């Protein structure tokens with residue numbers, strides 16, 4: 001593998017913590033300039049201060065309809081190009097089916113499906129101009145598992161995987177690759193902030209994983225990089241499951 005630094009420009013949403021922050025760190029270490037997108041400017045600034053290379057901080061609420069176009073406009077104004085998009089930001093609520101409101105439903109669809117779709121659409125002219133354009137969407141094993149309290153989150157992640165495959169087929173003519181990672185439960189704020197007892201939640205999730213633990217953000221970030229790497233130029237339309245075997249069901253008991 002070449003040691004040449006990658007000079008592309010990457011947008012990473014949900015970059016203020018968890019898998020987004022880990023992905024931003026790894027992409028930056030490979031030479032990419034990273035546009036950090038998220039709702040909390042202070043968290044983005046903290047991540048930017050850790051990066052090895054150049055960063056652009058772009059505070060934005062992806063639940064807003066205007067956000068994708070505004071993000072692309074800002075990044076192009078700052079850098080002049082966009083080569084990589086990592087759609088990592090997500091809304092995540094654990095509730096019984098009967099407790100979900102219309103507002104809850106609309107928030108999940110807006111952040112988990114609409115924002116990635118229209119972020120890629122807004123960036124399409126720049127991606128077409130890139131010598132090595134790639135989109136990596138971050139799904140979840142919830143897309144292919146059917147668990148209580150995850151009806152809305154799961155359906156939006158299944159939709160994101162559908163978008164991944166459709167865009168991969170349509171944008172291949174433009175040499176734009178579109179792939180997806182499907183993480184299992186990981187030690188990220190997405191999981192810990194959704195419950196009252198974060199440590200108990202992580203222990204519970206780890207007990208359901210055949211390999212015996214939850215994942216770490218850096219483990220997911222490595223696979224985002226593998227799919228974004230220029231050396232993966234013949235890989236598109238794929239969904240990579242990184243979950244310690246979670247999708248297989250709970251550990252076997254002999």
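Read-outs throughout are calculated quantities, based only on the coordinates presented, and are distinct from any laboratory measurement. Since the structure is predicted, the reported quantities are computational estimates derived from the model, not experimental observations. Don't worry about glycine lacking a Cβ; one is built from the backbone with ideal geometry, like all the others, and counts go over all protein chains shown.
Taking 7 Å steps out from each Cα toward its Cβ at residue 196 and residue 162 produces label points 3.6 nm apart. Spin-label model, residue 149/residue 107: points 7 Å from Cα along the beta carbon direction are separated by 1.6 nm. Cβ-to-Cβ counts within 10 Å put 165, 171 in ascending order as 165, 171, the fewest first. What is the list of residues in the stretch 116-143 whose amide nitrogen lies under 16 Å from a point 7 angstrom out from the Cα of residue 64, following Cα to Cβ? Within reach of a label on residue 64, which here means backbone N under 16 Å from a point 7 Å along Cα→Cβ, the stretch 116-143 contributes 116, 119. Note on 139, 101, 17, 28: ascending count of other Cβ atoms within 10 Å places them as 101, 17, 28, 139, the fewest first. Using 1/(1 + (r/R0)^6) with R0 = 30 angstrom and r between the beta carbons of residue 252 and residue 203, what's the FRET efficiency to the nearest 0.05? Step by step, r from the Cβ atoms, then E = 0.95.
Judged by the mean number of other Cβ atoms found within 10 Å, the most tightly packed of the peptides 105-118, 232-245 leads the ranking 105-118, 232-245. With bins 5 Å wide beginning at 0, the percent of Cα pairs of the stretch 12-128 falling in each bin runs 2, 13, 22, 23, 19, 11, 6, 3, 2, 0.
One equal scatterer on each Cα of the stretch 104-249, no solvent, Debye formula: the resulting log10 I(q)/I(0) at q = 0.12, 0.15, 0.20 Å⁻¹ is -0.52, -0.80, -1.25. With neighbours defined as other Cβ atoms within 10 Å of a residue's Cβ, the residues 84, 47 order from fewest to most as 47, 84. The alpha carbon convex hull volume per residue for the stretch 97-177 rounds to 77 Å³. Inter-part distance, the stretch 194-254 to the stretch 79-117, computed on C-alpha centroids, equals 19 Å. Between residue 97 and residue 230, the modelled label-to-label distance comes to 5.0 nm, taking each label 7 Å out from Cα in the direction of the beta carbon.
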